[in-house]
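One structure is given below, encoded as structure tokens.
The values are calculated or read from the model by the stated rules, or taken from the named source; none is laboratory data. Here the structure is a predicted model, which means the values were calculated and not measured. Because the Cβ atoms are built from the backbone with ideal geometry, glycine has one as well, and the counts that use them run over all protein chains shown.
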Amino acid sequence: MADMRGKDEENLTVVHVVRHGEVHNPDGVLYGRNPGYHLSDLGRRMAERVAEHLAARDVRYVVASPLERAQETAAPVAKAHGLEVAGDDRLIEAANVFEGKAFGVGDGALRKPANWKYFTNPFRPSWGEPYIDQVVRMMGALQSAREAARGHEAVCVSHQLPIWILRSFAEGRRLWHDPRSRQCTLASLTSFTFDGDDIVSVGYSEPARDLVPPHLLAGAQRKFGRGAIRGAAANAPRA
């Protein structure tokens, strides 16, 4: 069949950067880059929902972080389009000194004096991978996906913090932030529209919003663009 797209449409590429679904984590640890953390049953439903949401889209390339939860989220998307899941280490979770530990108030890492030294610089941050390093690798992965699907659409499955840092950079916001302000819910899509090699808009949508526990819903100011899939984006949460 002949390609009936116009010249302008041929120049547009959309890369959907998807956060993985819910993970089975009964001990409440910060799993980070540790292997062995798979999607929960609910997380698998979230992944299927993303696949259904993207089924009619012109997806030509699916790539994921090497971690199991990302690979398992990408699998039904790739299957729906008859594709294999490619791997890209640049999509991996941000490194964090608290990986494998219970992190939070109570008996977690925040109450241990030995850990306080890691909270000296929230702007870098001092407890993990520098934000600017995340920008460099995530922008590289984004551009590679754009090139692989030029004129069509691609799906990259990654993790909350790297996705939020990528979006913040693309939209010209400062990189340091209150984690509660991240608009990057489980199984959400942050969609970057390219005109040629340039990002022209950033969209956000939540196809599995009804499956996400209320306390885990995104809290940042919503902002939509041409890359958003509006059916879900219309119900994105307010700040």
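So that you can scan it fast, the table gives a plain yes or no per residue for (1) over 25 Å from Gly140 (Cα atoms); (2) crowded, with 18+ Cβ neighbours inside 10 Å; (3) in contact (Cβ under 8 Å) with a residue 40 or more places away in the chain:
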{"position": "Leu39", "(1), (2), (3)": "yes, yes, no"}
{"position": "Arg49", "(1), (2), (3)": "yes, yes, yes"}
{"position": "Ala55", "(1), (2), (3)": "yes, no, no"}
{"position": "Ser65", "(1), (2), (3)": "no, yes, yes"}
{"position": "Ala70", "(1), (2), (3)": "no, yes, yes"}
{"position": "Ala74", "(1), (2), (3)": "no, yes, yes"}
{"position": "Leu83", "(1), (2), (3)": "no, no, no"}
{"position": "Leu91", "(1), (2), (3)": "no, yes, yes"}
{"position": "Ala94", "(1), (2), (3)": "no, yes, yes"}
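Scanning the range 30-45 turns up no residue that is among the acidic types (Asp, Glu) and either in contact with a helix residue (DSSP H, G or I) (Cβ under 6 Å, 6 or more places away or on another chain) or under 19 Å from Cys184 (Cα atoms) (or both). In the range 19-30, the residues that are free of Cβ contacts under 8 Å to residues at least 60 places away in the same chain reach residues that are among the polar types (S, T, N, Q) and surrounded by 14 or more Cβ atoms within 10 Å (Cβ to Cβ) with C-beta atoms within less than 7 angstrom, at least six apart or across chains, in these pairs: Val23/Ser40; His24/Ser40. Restricted to the range 144-181, and to residues there that are touching a residue at least 12 places away in the same chain (Cβ under 8 Å) and among the polar types (S, T, N, Q), the residue that is farthest from Phe192 (Cα to Cα) is Ser181. Taking the criterion of being polar (S, T, N, Q) and within 30 Å of Gly151 (Cβ to Cβ), the residues of the range 15-71 that qualify are Ser65, Gln71. Of the listed requirements (1) at pLDDT 90 or above; (2) among the hydrophobic types (A, V, I, L, M, F, W, C); (3) surrounded by fewer than 19 Cβ atoms within 10 Å (Cβ to Cβ); (4) farther than 22 Å from Ala148 by Cβ, Ala208 misses just one: (3).
Does Tyr37 count as in contact with a Lys or Arg (Cβ under 7 Å, 6 or more places away or on another chain) and assigned to a loop (DSSP other than H, G, I, E, B)? The answer is yes for Tyr37. Of all residues in the range 193-205, at least one satisfies being closer than 26 Å to His152 by Cβ, at pLDDT 90 or above and assigned to a loop (DSSP other than H, G, I, E, B).
Each row is one residue, and each column tells you yes or no for (1) out of contact with any Ser or Thr (no Cβ under 7 Å at 6 or more places or on another chain); (2) among the acidic types (Asp, Glu); (3) modelled with pLDDT under 95.
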{"site": "Met4", "(1), (2), (3)": "yes, no, yes"}
{"site": "Lys7", "(1), (2), (3)": "yes, no, yes"}
{"site": "Val23", "(1), (2), (3)": "no, no, no"}
{"site": "Val29", "(1), (2), (3)": "yes, no, yes"}
{"site": "Arg44", "(1), (2), (3)": "yes, no, no"}
{"site": "Arg49", "(1), (2), (3)": "yes, no, no"}
{"site": "Arg60", "(1), (2), (3)": "yes, no, no"}
{"site": "Val63", "(1), (2), (3)": "yes, no, no"}
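Taken over the range 40-56, the criterion of being of a type outside the set (D, E, K, R) and part of a helix (DSSP H, G or I) is satisfied by Leu42, Gly43, Met46, Ala47, Val50, Ala51, His53, Leu54. Please indicate, with yes or no, whether at least one residue in the range 157-174 is in a helix (DSSP H, G or I), modelled with pLDDT of 85 or more and basic (Lys, Arg). Looking through the range 157-174, at least one residue is in a helix (DSSP H, G or I), modelled with pLDDT of 85 or more and basic (Lys, Arg). Restricting attention to the range 94-153 and to residues that are over 30 Å from Leu189 (Cα atoms) and small (Gly, Ala, Ser), the residue that is modelled with the lowest pLDDT turns out to be Gly106.
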